[in-house]
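A.B. asks: Encoded as structure tokens, here's the structure I'll be asking about.
The values are calculated or read from the model by the stated rules, or taken from the named source; none is laboratory data. These numbers were taken from a predicted model, which means no experiment stands behind them. So basically every Cβ, Gly included, is an ideal-geometry build from the backbone, and we count neighbours across all protein chains shown.
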């Protein structure tokens, strides 16, 4: 199984899109650079498309793990908004004088997802991981991906030693862990609940992981030169307060 997983990893290196993914352009005018956690990719793309029907300007998005994006921002990457998958890193940017005070924009949750139909009749995520045929699990790297960290918290609730014979594959973010499971490289993966609501996930089944707790996601306006961009502020206000925008978040299971 490990050989199969490593082969899958090599294939995904070639096939999975890079962390930088363009959102739909609005117009070749003001550009708002958004750094966005990977779990929020689909909602963000819909939000940008919706915003474009009402406003001029361009929203350029970079998607990746929260830790990776945080590192890029602190190293001077051009960003106007940071939509993280945790509360800690936006707070650190605020403390360092690089951002305005963080605001919670979403509350998400973790699920276990599998494309293997032999697990579909099982009732819980624990039943899946404890199945005698289960041999490989994917989760996002906890140090940089908050949903991976939340998944690790849940694993503590399994009987001690129950995963001794299971290969654990770590993805750079939850988008990659989903691809591992979707492609059959692993039996199942811990992902964001929002991902399980995508069309691509219809081929499998997901199980809630309440033991992982709620994942609180904060965002912040970045102020590298001491001032937040006015266009970025307008887009943030849209995401936080517009009824249609909030409906997009609800569609993907965010509170």
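A.B. asks: I'm trying to understand the selection: among the residues of the range 165-180, which are more than 25 Å from residue 36 (Cα to Cα) and part of a loop (DSSP other than H, G, I, E, B)? If you could, list the steps in order and put the result at the bottom.
C.D. replies: Of the residues in the range 165-180, the ones more than 25 Å from residue 36 (Cα to Cα) are 165-168.
Scanning the range 165-180 gives 165, 166.
A.B. asks: Please give the number of the condition residue 162 fails out of (1) at pLDDT below 95; (2) not in a loop (DSSP other than H, G, I, E, B).
C.D. replies: (2)
A.B. asks: Would a scan of the range 156-168 turn up a residue that is closer than 26 Å to residue 43 by Cα and either surrounded by fewer than 16 Cβ atoms within 10 Å (Cβ to Cβ) or touching a helix residue (DSSP H, G or I) at 6+ places or on another chain (Cβ under 8 Å) (or both)?
C.D. replies: Step one: list which residues in the range 156-168 are closer than 26 Å to residue 43 by Cα, which gives none.
Looking for residues that are closer than 26 Å to residue 43 by Cα and either surrounded by fewer than 16 Cβ atoms within 10 Å (Cβ to Cβ) or touching a helix residue (DSSP H, G or I) at 6+ places or on another chain (Cβ under 8 Å) (or both), one finds none in the range 156-168, hence no.
A.B. asks: Separate question: Anything in the range 181-205 that is buried (at least 21 other Cβ atoms within 10 Å of the Cβ) and in a strand (DSSP E or B)? List them, or say none.
C.D. replies: Result: 188, 189, 190, 191, 192.
A.B. asks: Another question, then. Right, residue 187: farther than 30 Å from residue 94 by Cα and touching a strand residue (DSSP E or B) at 6+ places or on another chain (Cβ under 6 Å) or not? Before the answer, list the steps.
C.D. replies: Details: farther than 30 Å from residue 94 by Cα: yes; touching a strand residue (DSSP E or B) at 6+ places or on another chain (Cβ under 6 Å): yes.
It is true that residue 187 is farther than 30 Å from residue 94 by Cα and touching a strand residue (DSSP E or B) at 6+ places or on another chain (Cβ under 6 Å).
Okay, residues lined up against (1) over 16 Å from the mean Cα position of the chain (by Cα); (2) surrounded by fewer than 17 Cβ atoms within 10 Å (Cβ to Cβ); (3) farther than 18 Å from residue 32 by Cβ; (4) in contact (Cβ under 8 Å) with a residue 60 or more places away in the chain:
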position: 220; (1), (2), (3), (4): yes, no, no, yes
position: 230; (1), (2), (3), (4): yes, yes, no, no
position: 235; (1), (2), (3), (4): yes, no, no, yes
position: 245; (1), (2), (3), (4): yes, no, no, yes
position: 248; (1), (2), (3), (4): no, no, no, yes
